[in-house]
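Encoded as structure tokens, the structure appears first; notes follow it.
The values are calculated or read from the model by the stated rules, or taken from the named source; none is laboratory data. Bear in mind that the values here come from a model prediction, so they are computed numbers and not experimental data. Cβ: placed from backbone, ideal geometry, glycine included. Neighbour counts: every protein chain shown.
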Amino acid sequence: MAMASRLALRALARPHSRIISSIPAASRSLATQPPKDPDAKASEIINKLPSSPGLLTKTGTAILGTGLTAAAISQELYVVNEETVLLVGSAIFFTFLAKAIKEPYVNWAEGHISRIKKVLDSARAEHTQAVKERIDSVGQMKDVVQLTQGLFSLSKETVTLEASTFALKQQTALAAELKSVLDSWVRYEQQQKESEQAELTKTVIDNVMKSISDPKVQKDTLTEAVAEIERLVKAKAV
């Protein structure tokens with residue numbers, strides 16, 4: 001029984017001795033850092049406690065946690081061993097790592113947010129400029145209604161003039177065609193008249209030549225000529 005008691009005491013003493021041996025190393029590492037203000041350190045610890053905002057609730061959380069830990073250790077409900085030291089060291093390491101990474105991460109996040117903000121501001125400025133240009137272009141087109149009405153009136157006049165021009169062209173073409181028909185008809189009548197006159201002249205000449213070739217006609221003509229000459233001679237003598 002005594003042997004078992006001694007072994008149990010040695011097992012309990014071994015973790016305590018390891019904790020005690022680790023304390024100087026931790027104290028040496030902390031000795032290189034400049035001392036902090038106790039009030040600031042207490043405020044920092046209280047602010048890091050997981051609780052709702054407020055000094056009373058955070059302080060109550062710290063007192064309750066400390067009391068529960070002390071009661072657990074005093075009643076041997078919880079024994080400080082290697083796992084506890086490892087857990088505390090891991091918590092300290094990860095806390096230090098989080099503090100070391102926090103500032104670069106914050107700087108990177110702020111830079112990224114700043115870049116995104118610049119892109120959004122640039123896009124907003126471009127959109128605003130595009131809207132202003134669109135408004136200006138619409139403002140320049142405020143007289144488009146009057147201009148459209150004027151162009152519509154001008155187009156109506158143009159259509160009317162084109163219709164009148166087309167009608168005049170049709171009338172001119174019809175008049176030219178009528179003139180051509182009339183000219184051809186006049187030429188035909190002229191040719192007919194010339195043909196009739198030539199035929200009449202030929203008939204008259206033929207009749208005259210035929211009558212001249214008749215002896216009786218020649219005799220009568222000669223008698224009339226002699227009588228005419230005598231009459232002229234008598235008239236001149238008188």
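The condition of being modelled with pLDDT under 80 and either in contact with a helix residue (DSSP H, G or I) (Cβ under 8 Å, 6 or more places away or on another chain) or surrounded by 10 or more Cβ atoms within 10 Å (Cβ to Cβ) (or both) holds for only one of Val131, Val204, Val145, Val217, that being Val217.
Assessment of region 92-100 against the conditions (of a type in the set (D, E, K, R) and surrounded by 10 or more Cβ atoms within 10 Å (Cβ to Cβ)) yields no matching residue. In region 151-167, the condition of being small (Gly, Ala, Ser), in a helix (DSSP H, G or I), surrounded by 10 or more Cβ atoms within 10 Å (Cβ to Cβ) and over 60 Å from the mean Cα position of the chain (by Cα) is met by no residue.
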